[in-house]
Amino acid sequence: MSDVVDEPTQPARVRRPAPAWQSGEVVEVVVETPETSSLRILLPQPEPFVPGQYYNIRIPVEGRPRPIQRAYSVGSSPHPRFDVIEVGVKEMEGGLVSPVLVRQRPVGSILEVRGPYGAFTWTEEDGGPVLLVGAGSGVVPLMAMIRYQVSKGTTIPMHLVFSSKSAEYVIYREELVELTQQHSWLRVTHTFTRDAIDPLARYHRRIDKEMVGDVFLETSPRLAYLCGPPDMVDDCERSLLELGMEPTGIKTEKYD
Ligand SMILES: Cc1cc2nc3c(=O)[nH]c(=O)nc-3n(C[C@H](O)[C@H](O)[C@H](O)COP(=O)(O)OP(=O)(O)OC[C@H]3O[C@@H](n4cnc5c(N)ncnc54)[C@H](O)[C@@H]3O)c2cc1C
């Protein structure tokens, strides 16, 4: 990813003022997996956001003349409150920003954030059934959609297909178990890429065409949300189109 992320242009009909940078306070840090932490950030100037959107975060980096910014999806639901956002950051080895966020931004730290941005969004008005496919930290915006539906009390069928290295690396593992026990509209299918036997996962390989075919038949999705590495997102989108999904029913977010 380049050091400077272009500000997305708003569609002409929306015409909202561009969000300004604000100093958010880290009010809680949750260690999700050995490489991913969730940071809950209290915003002084909160903006309503839609599940699936992201914020930009910028930090000073030694040797760089300007702060370096990166995009991070919001994993929390905007309902009932949007003044605290939770971002889930996976540490990329050798990265400029993510290792700092995961390791050096404890509770009480101040972070410069700007947002919300993005059209990778879902609310109950979009309907379903919804197929959610995420790999690694690509689950973050999908979790915002799930948590949002929980907090709104709607029951639109959602099937999350989630690829992780192994059980230890499943972000939101306990919460997903609890939510599937509490809500019959939610189904979660795990696949583990570096574990061949753990029964928590139904599959033990990367997301592929056959897997997408299985969950497509089980879910009959009207909408699909795909998030994660660009290759995974592209392959999965191609498979869904071949299975007959309407292109307009597929939304993608690529973490490049
Ligand atoms: C819309 C959007 C939402 C996103 N949401 C999330 C999210 O919710 N959670 C999340 O964890 N991520 C998310 N990302 C990804 C995130 O924005 C960053 O790209 C990610 O955290 C890596 O940033 P970094 O500064 O740590 O790494 P970078 O400095 O960008 O480096 C990335 C990788 O490239 C390697 N690299 C860098 N320079 C070189 C070089 N010259 N040669 C070889 N290798 C090099 C680094 O070692 C590292 O492994 C999102 C991205 C987008 C576009």
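The values are calculated or read from the model by the stated rules, or taken from the named source; none is laboratory data. Nothing here was measured: the structure is a model prediction, and the numbers come from that model. A quick note on method: Cβ atoms are made from the backbone with ideal geometry, for glycine too, and the neighbour counts reach across all protein chains shown. SASA here: full protein model, heavy atoms, side chains in, ligands and nucleic acids out. Shrake-Rupley method; radii C 1.70, N 1.55, O 1.52, S 1.80 Å.
Yes/no per residue for (1) within 14 Å of the ligand (Cβ to nearest atom); (2) without any contact (Cβ under 8 Å) to a residue 60 or more places away in the chain; (3) out of contact with any Lys or Arg (no Cβ under 7 Å at 6 or more places or on another chain):
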residue	(1), (2), (3)
ALA18	no, yes, yes
TRP21	no, no, no
VAL26	no, no, no
THR36	yes, no, no
PRO46	no, yes, yes
VAL61	yes, yes, yes
ILE68	yes, no, no
SER77	no, no, no
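The one condition from (1) at pLDDT below 55; (2) open to solvent by 50 Å² or more (accessible area, probe 1.4 Å); (3) farther than 30 Å from ARG173 by Cβ that ASP3 does not meet is (2).
Residues checked against (1) within 22 Å of LYS254 (Cα to Cα); (2) assigned to a strand (DSSP E or B); (3) open to solvent by 30 Å² or more (accessible area, probe 1.4 Å); (4) within 14 Å of the ligand (Cβ to nearest atom):
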| position | (1), (2), (3), (4) |
| --- | --- |
| ARG81 | no, no, yes, no |
| VAL87 | yes, yes, no, yes |
| LEU101 | yes, no, no, yes |
| GLY108 | no, no, yes, no |
| ARG114 | yes, yes, yes, yes |
| PHE120 | yes, no, no, yes |
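Cβ-Cβ distances below 6 Å connect the following pairs, each with a first residue in segment 103-124 that is within 27 Å of VAL50 (Cβ to Cβ), a second residue that is open to solvent by less than 50 Å² (accessible area, probe 1.4 Å) and modelled with pLDDT under 95, and a separation of six or more residues or different chains: ARG114/PRO19; GLY115/PRO19. Looking only at residues that are open to solvent by 40 Å² or more (accessible area, probe 1.4 Å) and within 6 Å of the ligand (Cβ to nearest atom) in segment 89-98, which one is nearest to VAL61 (Cα to Cα)? Per the criteria, the residue is LEU96.
Screening the candidates VAL212, VAL177 for the property of being outside any loop (DSSP other than H, G, I, E, B), exposed (fewer than 14 other Cβ atoms within 10 Å of the Cβ) and aliphatic (A, V, I, L, M) yields one hit, VAL177. Among the residues of segment 132-163, those identified as small (Gly, Ala, Ser), open to solvent by less than 10 Å² (accessible area, probe 1.4 Å) and closer than 18 Å to VAL30 by Cα are GLY138, ALA144.
Here TYR255 passes the criteria (1) out of contact with any helix residue (DSSP H, G or I) (no Cβ under 8 Å at 6 or more places or on another chain); (2) open to solvent by 40 Å² or more (accessible area, probe 1.4 Å); (3) in contact (Cβ under 8 Å) with a residue 60 or more places away in the chain except the one numbered (1). You will find that of HIS204, HIS190, the residue that is within 25 Å of LEU241 (Cα to Cα), open to solvent by less than 50 Å² (accessible area, probe 1.4 Å), at pLDDT 95 or above and in the same structural domain as GLU237 (by TED's automatic domain parsing) is HIS190 and no other. None of SER220, SER184 is on the phi > 0 side of the Ramachandran plot and of a type outside the set (Lys, Arg) except SER220. Residues that are at positive phi and at pLDDT 95 or above within segment 49-93 comprise just one, GLY52.
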